[in-house]
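Heads up, the thing below is written out as structure tokens.
Each reported figure results from applying straightforward, stated rules to the coordinates on display, with no laboratory input. Just so it is clear, the structure is predicted and the values come from calculations on it, not from any experiment. Neighbour counts are summed over all protein chains in view; Cβ atoms, including those assigned to glycine, are modelled from backbone coordinates with ideal geometry.
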């Protein structure tokens, strides 16, 4: 990010802090962050599930606090971790299924996300992940616990003023639609996208009913540039798989349109669709501009197909020594260094959610 732009952003955040900082931890711009979705934002819920989609072993987490794996699908921090720090949080909202999600830790929010979940409930169930409908049930449970800790009046204030984050859709396409003939023979990518956006709209309606008012939703990244897609679906073409990127862009148009309609329909609702596609595509196409050397394969192992414990693990041969040079950590997920670039874009786009 341009240094002058960063200074301007910090000034905006400082003004927001002065304006909205009363009545909560004086360093936080919002009282809490509540996160739903998939592996891009899962901070360890899958550690407690009978699924192969886990990241609670090395080399995951090797550049995180204490160099310990937590269940984050990254060598270090997720974009949402970095965003929380920018918003003044000293610690991260805990994974809801973890022992840390209790007592006063609940005051800053919770994370309900689950790797291999998404808008398609059936895919989440097959993967033994937490479907979005169940994530909402956990959120209801969280509200009851929060009221016991904070009192009902303060709990209601936290729920109303919190920022809600939703990340889903990438796995629906990469780990479900493109590899499942039962689905890709029955639906065109456009039809499947319409189905997923319907699920998104239903989720937002239910989340709004539970008190959420400020929602940030990630668009799809350029899925055709993900190493896994290039390896399995690229047909040896150079660079990104263009048809998959076209599908992602089509989906993004649909979700932007749906969000605009939802915002008109529900009073007091603010939805920001974070454009992940543009900054991520820029990273992959011009890695050296951002200080990266490698954008076609991940750091872990061969970096071409590793997404689960089966393939990215302590014995994976060829894992790079310096992940800051890589846009991708494994064959799907960004490195912490790439997440920093994405988080810079998120915080600028999400100013409307603060306050």
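What ranking of 225, 74 emerges when the number of other C-beta atoms within 10 Å of each C-beta is taken as an exposure proxy, fewest first?
Details: 225 25, 74 28.
In increasing order of surrounding Cβ atoms, one gets 225, 74.
What are the semi-axes of the equivalent ellipsoid of the stretch 175-226, taken as the square roots of 5 times the eigenvalues of the Cα gyration tensor, listed largest first and rounded to whole Å? Walk me through the intermediate numbers first.
Details: eigenvalues 141, 44, 13 Å².
Value: 27, 15, 8 Å, ordered largest first.
With the alpha-carbon atoms as the only input, what is the per residue convex hull volume for the stretch 77-147 in Å³? Mind showing how you got there, number by number?
Values: hull volume 7.0 nm³, N = 71.
Dividing the Cα hull volume of the stretch 77-147 by its residues yields 98 Å³.
Can you compute the modelled spin-label distance between residue 206 and residue 185, with each label point 7 Å from Cα toward Cβ, in nm?
3.0 nm
In what order do 63, 81, 42, 190 fall by count of nearby beta-carbon atoms within 10 Å, going from fewest to most?
Details: 63 18, 81 23, 42 31, 190 13.
Going from sparsest to densest Cβ surroundings: 190, 63, 81, 42.
Which value results when the Cα radius of gyration for the stretch 23-174 is divided by 2.2 N^0.38 Å?
Working: Rg = 14.9 Å, N = 152, 2.2 N^0.38 = 14.8 Å.
With N residues counted in the stretch 23-174, Rg over 2.2 N^0.38 Å equals 1.01.
For residue 285 and residue 102, calculate 0.36 nm times their separation in residues minus their Cα-Cα distance, and state this gained length in nm to one decimal. Can you show the working numbers first?
Numbers: separation 183, 0.36 × 183 = 65.88 nm, distance 4.32 nm.
Residue separation times 0.36 nm, minus the Cα-Cα distance, leaves 61.6 nm.
Plugging the Kirkwood radius over Cα pairs into Stokes-Einstein for the stretch 184-311, at a temperature of 37 °C and a viscosity of 0.692 mPa s, what D comes out in µm²/s? Can you show the working numbers first?
Values: Rh = 16.5 Å.
Rounded to a whole number, D works out at 198 µm²/s.
Using a 10 angstrom cutoff on alpha carbons, build the Gaussian network for the chain and name the most mobile of 241, 65, 284.
65
Just from its helices, what would the mean residue ellipticity at 222 nm be for the chain, if runs of 4 or more DSSP H residues each count -39500 (n - 2.57) and the sum is divided by every residue, rounded to the nearest 500 deg cm²/dmol?
Values: 11 runs with 140 residues, N = 355.
Dividing the helical sum by the residues of the chain leaves -12500 deg cm²/dmol.
For the stretch 31-88, state the semi-axes of the equivalent ellipsoid (square roots of 5 times the eigenvalues of the alpha-carbon gyration tensor), sorted largest first and rounded to whole angstrom.
Semi-axes (√(5λ), whole Å): 19, 15, 8.
How high is the relative contact order of the chain, in percent, counting Cα pairs under 8 Å that sit 6 or more residues apart?
Values: 692 pairs, mean separation 64.9, N = 355.
Reported relative contact order: 18 percent.
I'm a student and want to see the number: the projected area of the Cα convex hull of the chain, averaged over all directions, in nm². Can you show the working numbers first?
Working: hull surface 67.2 nm².
Dividing the Cα hull surface by four gives the mean projection, 16.8 nm².
How many nm separate the modelled label positions at residue 67 and residue 242, each set 7 Å beyond the Cα in the direction of the Cβ?
4.6 nm
Taking springs between alpha-carbon atoms closer than 10 angstrom, which of 285, 315, 254 fluctuates most in the Gaussian network model of the chain?
Maximum fluctuation in the GNM of the chain, among the listed residues, is at 315.
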